[in-house]
Every structure is written in structure tokens, then in C-alpha cells.
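Engineer: Structure incoming, see below.
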Amino acid sequence: MTDRPLRVAVVGSGPAGFYATAALLASGDPAVEVDMIERLPTPWGLVRLGVAPDHPELKAASRIYEKTAAMRGFRFLGNVEAGRDITHDELARLYDAVVYTVGAQTDKRLGIPGEDLTGSWAATEFVAWYNGHPDYQDLPFDLGVERAVVIGNGNVAIDVARMLARTREELAPTDATDQAIEAIATSGLREIVMLGRRGPAQAAFTPPELKELGELGGADIVVDPADLELDPASEAALEADRARARRNVDILREFAAAEPAGKSKRLLLRFCVSPVAILGDGKVEAIEVVRNQLVSDGGSVRAVPTDEREVIPCGLVFRSVGYKGVEVPGVPFDAERATIRNDCGRALDADGQHVPGVYCAGWIKRGPSGVIGTNKKDATETVELLLEDARTGRLPRQAQASAEAVDALLAERGVEVVVYSGWELIDRLESERGAPHGRPRIKLSSWDELLRAARG
Ligand code: NAP
């Protein structure tokens, strides 16, 4: 039994899944085979469906994943949903180890009145929509309003604000869906307001993403110089974090000093304001915010509300305050952190004991932070522990583990598995559709189109 390769299921095909797979397949001791199980017919997770279409250089990470997919011992099992088509217990029985790399599949809630009014969206929904995620294409985004408010000061908030501000010419060469390009290009938007609950020195976005806003063809960036007068704690933060906080504040000062060029849209960056309610009769009509003051609290700076309130009329709200992990049935979950309960990637039961054979990597392990590359180190750490467990006898080989047993189970359930060559057909068709228009691809964005293309 032990002379066969270790069989590992990697659940989820985003960056963490591919980095974990690459590290597993590179192992010679023991040799490893990986089945990557993915709910969609397409791989790459947020690289395909989260990274903004106007950032093709970030999407190029997929070139590395293609090399991993070509490695010996790899199988892609797309259109297979763990928990629905195959349960955790079945995975645990049919593989020697299971590595969950399922990301953070939902959004954090604000917990304020009006959050669910029509026109109040999770940023993640908008991102999935403009990126062609097949589950999000019917969402009725009405961009025919004058002002949109984006809540949050992270890179996702910047992505959403920037995409809303883009012109048709800027979007035309991207792989955003035609539906999204048309809606954004013909939108009635005149102003996009981004709300940060803390100050410019505490913003989570990164300097290159902030600076890029200044290069938008169709929108002036507006910053109130008063928002850039820093309290002593924020001044100290600039000294401590020269790479991000200092650069961000410098860029914001350049924005504040610039004369508006009279572009058709304005993108207003505001700080020290928190939403307290989204207002409207059946649909979003305004957002009420409270002005915060910053309070130094040990090493960190907290936003504390004052009595000063303001109502900003708007027709759309995008809540961009972070992603949130979702529990995988049968796998230990830390509800507070919204991650799989784990120690450096080894899943832990309620008593803190390692659940043999169960591991995690990426956002479901550490929470939704970091850039694509962060997942490489994270996934490698998990895989090193998994291989160590295999070498030291802490990873019992499963008697029923085999590719045939998995295939038989899925066939018996009538699951139409999309293997890697099926994805390559989708990929080729999308690229061919895009090429005459100078676009990297025109995505297939319905389940039906994707499955038909995968069948060839
Ligand atoms: P994020 O970086 O964690 O930012 C979340 C933002 O929401 C923070 O500004 C946070 O403010 C704010 N926030 C949280 N709760 C709030 C509340 N109740 N009210 C108001 N504001 C609230 O998350 P993200 O933007 O979703 O990005 C996730 C990860 O993906 C990040 O690591 C990001 O860098 C990465 N990403 C990278 C790129 C890129 O490289 N181009 C693009 C997209 C995403 P506080 O700081 O005050 O908590």
C-alpha cells in the first residue's frame, strides 16, 4: 500500500490551491498525486474572477498555474462541488489527505439599518459580476444613478471605485464582460465617494493602487486637504510604515493639491467617516455617516464616533469591508475568525488536536489578507507539514484511496466532471473570441456556455 503515491485532494483552484499543488507535486518523498476539486468548470479562483479586468498583469499569475497543471500527477476535477457532489467524509476516505483552499466566499456585514435595501451591494457581488462569474450575471446593477458610495478603504474598494470610474475606451481592451462594460460606459454616474472609517495613514489600500487613480481618463480625484491634517498617532504611523502609510499620504497630498481637470466624473476620497444607516424607501436614496475621531489605543489607532452626522444622497452603495470565510461542513471551523481552525495549516478539532489528514491554506487558513503571492508562502508552510506528517507516519494511508474510486463515485452521482482538457477548450474558445478585438479573452459567463464549451 505505501509504495503507491500519496493521494491528496486540494479543494479550490485559486492561488492557494495551485501553490499547494505545486509544492505537493514537487515532493519526491513521498511522491504525490493531486486531484484539484473545483466547483466551477474553470480554475484560478480570484485570479480569474476577483482580480480587476484592468489589471491584466496580476492575472498573469495564471501562467504559473498552467505550468503546475502540466506537472505529472495532477488532475483537475471541475464542476465538482465539495459538500454537494462529494462530502468531506468521502474525501477523507478516498484521499490520504485533503487540503482546503476554498478562500473566503462571502462578505463581512456592516450590521447597520438599510444594508439590504435594493441598490446596496456587497462589493464582492459587483466584482464577480463584472468578471463574468456565472452565478452573478443576473444581478440587476442599476448604474443609472448620479452618485455611488463605496464603503471601505482596502484594495477591493479601490478596484470597485476605479472600475465604476472607467471609460468605455479604458474598459474595451479588458476581459470585463460586455454587459459590465456597456453598463459602466453608459452609466449616469457623476460622483463616486469612497468612505474610510479611519484616516489616510491607516488606509488598507496600497500605494500603486492609489496612485493609479490619478491616471483615470474620465474621473478627477478629489481629496479635502483638511482630511490630510494628521493627528500625532498618525504622524508616528507614517514614520513606522514608510512603505505604505507614508507613500499613501504623499499620493493623497498630490491629489489634494491638483486642480480638477473637469473630467466627466469625480472620485471623492473621504476619511474618518463611518456609515450608520443606509436610507431609502424600498431602495437606496442616501447614506447617513458619522464623523469619527482617531484615538490612539496602545499600538493601534481606533475610529471613535463623534456627534457629527451627515446624510449623503446616493443611489448605490457598495459595501467593501472585507471578505469572510464560509464553514465547510464536517471540517472544524473557527466562527470568530471565519477560518478553518488550524495550526499553521493543520486542521484542529475543538480540543486543539490535529485532525489527521485535514489541512488548509490561503484565506480559509489565515483570513482574507495579503496579495496573490502571499499564498505561496502560506501554502508551502501547510504542504511542508503535510509531507512531514506523511514521512513520520502521522498521515495514515487510506485503503480506498484511488482515482478510480473517486471517478466511480462522481459518475454514479451523475456529476459532469470538467477535466483540465475541458477547461483548455473553454480557455481556447474565450481567447479566440477576444483576439480579433485585442482583448485577452471574452469570457463565457453562463454555466450552460461553459459546460458546452468544455464538452467540445
Ligand atoms: P482589506 O484590505 O482588509 O480592507 C477592508 C477595509 O474595510 C479597511 O479599510 C477597513 O478599515 C474597512 N472596514 C472594515 N470594517 C468596516 C466597517 N465596519 N466600517 C467601515 N469600514 C470598515 O480588505 P479588501 O479590500 O477586501 O481586500 C482583501 C485583500 O485582498 C487585501 O489583502 C487586499 O490588499 C487584497 N487585494 C489586493 C489587490 C491588489 O493587489 N491590487 C486588489 C484587491 C484586493 P479598518 O482598516 O479601519 O479596519
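Laboratory data are not the source of any read-out in this text; all were calculated from the coordinates shown. Just so we're clear, the structure is a prediction, and the values are computed from it rather than from any experiment. FYI the Cβ positions are ideal-geometry reconstructions off the backbone, even for glycines, and counts take in every protein chain you see.
Engineer: Go through Gly83, Leu6, Ala52 and say which Cα lies farthest out towards the positive end of the charge dipole of region 1-92; charges sit on Cβ, +1 for Lys and Arg, -1 for Asp and Glu.
Structural biologist: Highest projection toward the positive end goes to Ala52.
Engineer: Quick one: of the DSSP bridges fully inside the chain, what percent are antiparallel, nearest 5?
Structural biologist: 40 percent
Engineer: Please compute the length gained on full extension between Ala236 and Glu424, using 0.36 nm multiplied by the number of residues separating them and subtracting their Cα-Cα distance.
Structural biologist: 62.5 nm
Engineer: What do you get when you divide the Cα radius of gyration of the chain by 2.2 N^0.38 Å, with N the number of residues? All intermediate terms of the calculation are to be shown ahead of the outcome.
Structural biologist: Details: Rg = 23.4 Å, N = 456, 2.2 N^0.38 = 22.5 Å.
The chain yields a ratio of 1.04.
Engineer: Something else about it: Of Pro200, Ala408, Pro396, which is farthest on the positive side of the dipole of the chain, counting Cα position, with +1 on Lys and Arg Cβ, -1 on Asp and Glu Cβ, and the Cα centre as origin?
Structural biologist: After comparing all options, I get Pro396.
Engineer: Under 5 Å between amide H atoms, partner at least 5 residues away or on a different chain: which partners does Phe333 have, H built in plane at 1.01 Å?
Structural biologist: Residues meeting the criterion, in which the H sits 1.01 Å from N, are Arg341.
Engineer: So for each of 362-372, 413-423 I average, over its residues, the number of other beta carbons within 10 Å; can you give me the resulting order with the highest mean first?
Structural biologist: Numbers: 362-372: 21.1, 413-423: 16.5.
Listed from highest to lowest mean packing, they are 362-372, 413-423.
Engineer: Then there's this: Students often check this: by mean Cβ neighbours within 10 Å, which of 54-60, 273-279, 120-126, 448-454 ranks highest, and how do the rest follow? Let's see the in-between values first.
Structural biologist: Values: 54-60: 14.4, 273-279: 20.3, 120-126: 22.1, 448-454: 18.0.
Averaged packing, sorted descending, gives the order 120-126, 273-279, 448-454, 54-60.
Engineer: Of the DSSP beta bridges with both residues in region 108-321, give the percent that are antiparallel, rounding to the nearest 5. Write down the numbers at each step before the final one.
Structural biologist: On the way: 17 of 40 bridges.
Counting only bridges with both partners in region 108-321, antiparallel ones make up about 45 percent.
Engineer: Grab the alpha carbons of region 108-321, take their convex hull, and tell me the volume per residue in Å³. Could the numbers behind the result be given before it?
Structural biologist: Working: hull volume 26.2 nm³, N = 214.
In region 108-321, the Cα convex hull volume per residue is 123 Å³.
Engineer: Hey, another quick one. How would you rank Thr374, Thr101, Thr392, Thr382, going from fewest to most other Cβ atoms within 10 Å of each one's own Cβ? If you can, show how the numbers build up before the last one.
Structural biologist: Numbers: Thr374 16, Thr101 29, Thr392 8, Thr382 26.
The order, fewest Cβ neighbours first, is Thr392, Thr374, Thr382, Thr101.
Engineer: Defining a contact as two alpha carbons under 8 Å apart and six or more residues distant in sequence, what relative contact order in percent does the chain show?
Structural biologist: Numbers: 949 pairs, mean separation 102.0, N = 456.
The normalised contact order for the chain reaches 22 percent.
Engineer: Phe318's amide H: which non-local residues (gap 5+, or another chain) put their own amide H closer than 5 Å, with H modeled 1.01 Å from N in plane and none for Pro or chain starts?
Structural biologist: When sequence neighbours closer than 5 places are left aside, the close amide H contacts are Trp121, Val149, Val150, Ile151.
Engineer: Hey, another quick one. Using the charge dipole of the chain (Lys, Arg: +1 at Cβ; Asp, Glu: -1 at Cβ; taken about the Cα centre), state which of Asn155, Gly438, Leu269 has its Cα farthest towards the positive end.
Structural biologist: Of the options given, the answer is Gly438.
Engineer: Something else: What span do the alpha-carbon atoms of region 394-441 cover on each of the three principal axes, reported in whole Å from largest to smallest?
Structural biologist: So the three principal-axis extents are 52, 30, 11 Å.
Engineer: Report, for region 213-328, the % of DSSP beta bridges that are antiparallel, rounded to 5. Could the numbers behind the result be given before it?
Structural biologist: Details: 17 of 22 bridges.
If I count the DSSP bridges inside region 213-328, around 75 percent turn out antiparallel.
Engineer: Quote the charge dipole size of region 84-158 about the Cα centre in Debye, to the nearest 20; the model charges only the Cβ of Lys and Arg (+1) and of Asp and Glu (-1).
Structural biologist: Working: 5 positive and 12 negative charges, 52 e Å.
Charge dipole, region 84-158, about its Cα centre: 240 debye, nearest 20.
Engineer: Hey, can you grab everything whose amide H is under 5 Å from the amide H of Ala31? Only 5+ residues off in sequence or another chain; H modelled, so Pro and N-termini drop out.
Structural biologist: Long-range HN contacts for Ala31: Leu6.
Engineer: If you don't mind, there's one more thing I want to ask. With each pseudo-label sitting 7 Å past Cα toward Cβ, what's the Ser446-Ala70 distance in nm, one decimal?
Structural biologist: It is 3.5 nm.
Engineer: To the nearest 20 debye, what charge dipole does region 108-321 have about its Cα centre, counting +1 at the Cβ of each Lys and Arg and -1 at the Cβ of each Asp and Glu? Mind dumping the intermediate values first?
Structural biologist: On the way: 24 positive and 35 negative charges, 67 e Å.
In debye, rounded to 20, region 108-321 gives about 320.
Engineer: Roughly how far apart, in whole Å, are the Cα centres of region 1-49 and region 177-200?
Structural biologist: Here the answer is 37 Å between Cα centres.
Engineer: Helix-derived [θ] at 222 nm for the chain: sum -39500 (n - 2.57) over DSSP H runs of at least 4, divide by residue count, nearest 500? List each step's numbers first, then the result.
Structural biologist: On the way: 17 runs with 148 residues, N = 456.
Result for the chain, helices only: -9000 deg cm²/dmol.
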